[in-house]
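> Would you mind keeping the following structure in view while I ask a few things?
Read-outs: derived from the displayed coordinates by stated rules, not from any lab. As the structure is a computational prediction, the values presented were derived from the model and not from experiment. Virtual Cβ from ideal backbone geometry, glycine too; neighbours counted across all protein chains shown.
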Amino acid sequence: MTGAVQDQGVLIGLSVVVFALRDGEAVVLTTGGGPDGAGLPFGPFEPARHRTFELALRDFVAEQTTFPLGYVEQLYTFGDAGRESPRAEMGVGARRVVSVGYLALTHDASAVAGPGAAWTPVLDFFPWEDWRDGRPAVIDQVLAPPLMAWAARKDSAARTARVERLFALKPGARWNEQQVLERYELLYEAGLAPEAGRDHDQRAAPLPGRAMVSDHRRILATALARLRSKMKYRPVLFDLTPDTFTLSQLQAAAEAVSGLSLHKQNFRRGVERTGLVEPTGRLSAATGGRPAELYRYRGAEASGGGVTGLSLPGQR
């Protein structure tokens with residue numbers, strides 16, 4: 001089997017997006033940091049060495065970063081022939097790459113080691129996704145003009161509508177925080193993402209946001225979109241929080257992941273309706289003001305065995 005795979009020029013690579021919270025920011029575990037940017041923990045699957053993909057993943061993440069993975073789930077398989085959004089290269093002469101991405105969450109953003117290993121703010125890679133202080137100026141001042149010019153070059157009404165919809169350019173348009181991947185792929189297609197210039201041997205406009213090696217920013221965009229979506233129907237946010245937390249800390253965590261500014265009272269009422277948390281009877285003195293009550297996640301029994309997440313009431 002291994003010989004057949006090699007004869008076809010196919011290489012299976014594994015990558016993982018590890019999300020955590022640190023100092024009120026959503027962070028991701030990265031490695032490297034060379035001229036093409038940082039990367040996700042990544043390595044080839046070696047059938048002779050590893051019995052399963054997950055065992056291989058855990059081994060090379062520990063080797064590259066010293067960080068032990070906890071719970072992981074498969075995110076997506078990137079394996080289309082001739083895909084260009086963007087190209088992934090692994091190994092000399094590889095004609096086809098099948099890249100299997102994983103998503104992991106941890107509440108322990110402890111120190112990591114290894115060449116360039118670090119916890120990097122997620123929104124450093126996608127600054128247009130951060131609406132916590134209102135509509136980001138980068139959208140209208142930096143992204144919209146070249147995107148609309150790109151759409152106009154082919155006089156495409158469909159392109160224009162796509163740009164306007166994904167970046168909420170029309171007055172009163174709603175921002176959909178879950179469309180992270182669609183926005184990144186639009187920037188790539190328009191030749192505005194640095195990775196597009198690299199992959200097509202062209203000069204790309206120096207846009208805000210950190211570039212990444214290979215197709216890792218596409219994988220990160222996929223993972224962030226998945227996490228933002230999952231927050232609404234599964235209690236995944238509690239995989240990122242400590243055992244006890246104040247409701248303000250829980251809201252800050254939800255805002256850090258979603259990139260939204262949430263209405264305080266509506267968020268708290270929504271949390272109380274879910275029954276996902278319960279007071280501990282203790283107070284936190286680390287809030288900088290009046291001591292706040294500490295809560296904890298009740299676990300799977302909180303919704304009677306059902307599945308529920310947190311609503312995200314936007315600040316208006």
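> Going by average Cβ density within 10 Å per residue, which order do the peptides 219-226, 190-197 take, highest to lowest?
Descending mean neighbour count gives 219-226, 190-197.
> May I pose another question? May I ask you to derive the relative contact order of the chain, considering only C-alpha pairs under 8 Å and at least 6 residues apart, and to give it as an integer percent?
Taking the mean separation of contacting Cα pairs over the length of the chain, I get 18 percent.
> Calculated from the structure, percent of Cα pairs over 27 Å apart equals which of (i) 52; (ii) 49; (iii) 41?
(ii)
> Under the rule of -39500 (n - 2.57) per DSSP H run of 4 or more residues, summed and divided by the residues of the chain, what mean residue ellipticity at 222 nm is obtained, to the nearest 500 deg cm²/dmol?
Per the formula, -8500 deg cm²/dmol.
> If we count other beta carbons within 10 Å of each Cβ, what is the order of V10, V100, V271, V61, fewest first?
With the sparsest Cβ surroundings first, the list reads V10, V271, V100, V61.
> When K230, K264, K170 are ordered from fewest to most other Cβ atoms inside 10 Å of their Cβ, what list results?
K170, K264, K230
> If you stretched the chain out fully between T308 and H200, how much longer would it get, using 0.36 nm times the residue separation minus the C-alpha to C-alpha distance?
34.5 nm
> Moving to a separate point now. In the calculated pair distance distribution of the range 127-209, what percentage of Cα-Cα distances lie above 21 Å?
That tail contains 25 percent of the Cα-Cα pairs.
> Starting from the Cα of R298, step 7 Å along the direction of its Cβ; do the same at A158; then give the gap between the two resulting points in nm.
4.9 nm
> Taking the Cβ-Cβ separation of E189 and F53 as r and a Förster radius of 35 Å, what is the calculated FRET efficiency to the nearest 0.05?
Step by step, r from the Cβ atoms, then E = 0.70.
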